[in-house]
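Enquirer: Take a look at this one; I'll ask things after.
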Amino acid sequence: MSYYDDFITFAGSIPKFKSLLGLDLGTKTIGIAVSDTLWSIATPRETIKRKKFGLDADALEVIIKNTNAGGIVLGLPMNMDGSEGPRCQATRAFARNLAARCDLPIGFWDERLSSIAAERAMLEADMSRAKRANAIDHVAASYILQGALDRIGNLA
């Protein structure tokens, strides 16, 4: 399929009653969240350690199959001033490569402050530092995905 810069076009391309995956792409890990099939709730799922792209894509394909996903929301790490830096370029390259292997629509979602929000939520839940370190990426992915789900819900 393809990846979309325009979120409204992406939202229109997602098949109904399939879950969505949210990805928080880091240099060392990929945080993964999954939605319900009604696109109302994002749930943190897991974090995979990055290796080579092919191995990362293989791991994602297993998760896509197991969750019956119909689309992917990929966090885009914009600079605070709204510009795109090297991390955005790396994320876009990942999306291009994943789109060549994966038959799902991929949409970008501005992920500014998602890790900070995730960290704050885990602090409020009184999680230990070790537990926060293990969960931060997939909790941040759920914040990314929840923002996208809320936007999709407001489009209807």
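Enquirer: What is the set of long-range amide H partners of residue 41 at a cut-off below 5 Å, with H atoms built 1.01 Å from backbone N?
Expert: Placed amide hydrogens put 36 under 5 Å from residue 41.
Enquirer: Taking H placed 1.01 Å from N in the peptide plane, check which residues at least 5 places from residue 74 or on another chain put their amide H under 5 Å from its amide H.
Expert: 23, 107, 108, 109
Enquirer: Per 10 Å bin from zero, what fraction in whole % of the C-alpha pairs of the chain is there, up to the bin with the longest pair?
Expert: It works out to 12, 44, 36, 8, 0, in whole percents.
Enquirer: Search the structure for amide H atoms under 5 Å from the amide H of residue 3, placed 1.01 Å from N in the peptide plane, and list their residues when 5 or more places away or on another chain.
Expert: 106
Enquirer: Go through the range 33-40 residue by residue and turn each phi into a ³J(HN,Hα) via Karplus (6.51, -1.76, 1.60, θ = phi - 60°); whole Hz please, and just put x for glycine and proline.
Expert: Running phi through 6.51 cos²θ - 1.76 cosθ + 1.60 with θ = phi - 60° gives 10, 9, 9, 6, 6, 9, 6, 10 Hz.
Enquirer: So what's Rg/Rh here for the range 33-106, counting alpha carbon atoms and using the Kirkwood radius for Rh?
Expert: Over the Cα atoms of the range 33-106, Rg/Rh equals 0.98.
Enquirer: May I ask you to evaluate 6.51 cos²θ - 1.76 cosθ + 1.60, the Karplus curve with θ = phi - 60°, for each residue of the range 21-32 and list the ³J(HN,Hα) values in order in whole Hz, giving x for glycine and proline?
Expert: 9, x, 10, 10, 8, x, 6, 10, 9, 10, x, 10
Enquirer: Also: Kindly write out, for the range 76-88 in residue order, the coupling ³J(HN,Hα) from the Karplus curve 6.51 cos²θ - 1.76 cosθ + 1.60 (θ = phi - 60°), rounded to whole Hz, with x marking Gly and Pro.
Expert: After applying 6.51 cos²θ - 1.76 cosθ + 1.60, I find 10, x, 5, 6, 4, 7, x, 7, 9, x, x, 5, 5 Hz.
None of the figures in this text is laboratory data; all of them are computed from the coordinates on show. Only a predicted model underlies this, so the values are computations on that prediction, with no experimental measurement involved.
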